Structure formats: C-alpha cells, structure tokens
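Enquirer: Before I ask anything, here is the structure I am working with.
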Amino acid sequence: MEKTSETETVSRAVSEEISEQFKTLINHEDLNKLNHLQNLILGRLQDGNAVLSHFNDYSEQCFAEVSSDFSRNTRLLKSMKSDLEYIFQKLRSMKAKIMATYPDAFPDNSTTILDQRPDLELPQ
C-alpha cells in the first residue's frame, strides 16, 4: 500500500513538473492575441451569417411574389406558341393550295423557306 502511494506521489510530482515546464514554453501575450483574433473572426463570421440569412429571407419573399407571374407568363407563352404553330401550318397549307391552283401566283424565289430562324427547341 505504501509503495503505491509513493509511486502516485512521485508520478504526481513528475506530472506537475512537466506541466510547469510546458507553461514556461507558452507566451501568455501570444495566447491573448490569438484569443482576440479568434473573437474578431467569430464576430465577422456571425455578421456575415446574419447578412446572408437576411438576403435569403428577402430572396424567398421576392421569389414568392414573382413565381405566380412566371408560371402565368409561361402558360401564356406556350399557348401563344401553339397558336402560332397552328397559324403557320394553315398558311403553309393555303400557300400549297394556291401554288397548286395558280403556279404563277408567287415568284420563283418565294418557294424557298423564308423563315431562317433556328428552332430553339432543338439541341445545338
């Protein structure tokens, strides 16, 4: 029993001596500077986080305001596109009938395709 308490006392004394040696290696002024810098960085990060949270809330609100307009306008554009496709189909069939009935109704260069715009739905 005595031997274990002596070993504990010795190891405690050695531990205290080692910790005192480590304490002499550390400069408390440097630790205070590091602590101060860490607090500055923490404050900046918290400010940035608050700004981003506010921006996200604002963006969500703006999106909620315009999303109904976007969907309504999208439906309108799709409807207009189908209407225009129907109109051009009718025009092509009328032109074909006129060309069949009156071959001289259009000049020779009008038989070429006038619409040279690219089809935006086809992958490039």
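Enquirer: Please go through region 18-33 and pick out each residue that is of a type outside the set (S, T, N, Q) and surrounded by 10 or more Cβ atoms within 10 Å (Cβ to Cβ).
Expert: ILE18, LEU31, LYS33
Enquirer: Could you identify the single residue in LEU77, LEU52, LEU91 that is among the aliphatic types (A, V, I, L, M), out of contact with any helix residue (DSSP H, G or I) (no Cβ under 6 Å at 6 or more places or on another chain) and under 30 Å from PHE106 (Cα atoms)?
Expert: LEU91
Enquirer: Could you look through region 68-124, keep only residues that are modelled with pLDDT under 75 and among the hydroxyl-bearing types (Ser, Thr, Tyr), and pick out the one that is surrounded by the fewest Cβ atoms within 10 Å (Cβ to Cβ)?
Expert: Only one residue tops the list, namely THR112.
Enquirer: Go through region 33-91 and report how many residues are more than 20 Å from the chain's Cα centre (by Cα) and closer than 30 Å to LEU120 by Cβ. Lay out the reasoning, then the answer.
Expert: To start, the set of residues in region 33-91 that are more than 20 Å from the chain's Cα centre (by Cα) comprises 33-47, 68-69, 71-91.
Now narrow it down to the ones that are closer than 30 Å to LEU120 by Cβ: 68-69, 71-91.
Total satisfying the criteria: 23.
Enquirer: What are the pairs with Cβ atoms under 8 angstrom where one residue, in region 84-98, is free of Cβ contacts under 8 Å to residues at least 40 places away in the same chain and the other, located anywhere, is surrounded by 10 or more Cβ atoms within 10 Å (Cβ to Cβ)? Sequence gap at least six, or different chains.
Expert: From region 84-98, the pairs are LYS95/PHE106; ILE98/ALA105; ILE98/PHE106.
The values are calculated or read from the model by the stated rules, or taken from the named source; none is laboratory data. Just so we're clear, the structure is a prediction, and the values are computed from it rather than from any experiment. Note that we place each Cβ from the backbone using ideal geometry, even for glycine, and neighbour counts take in every protein chain shown.
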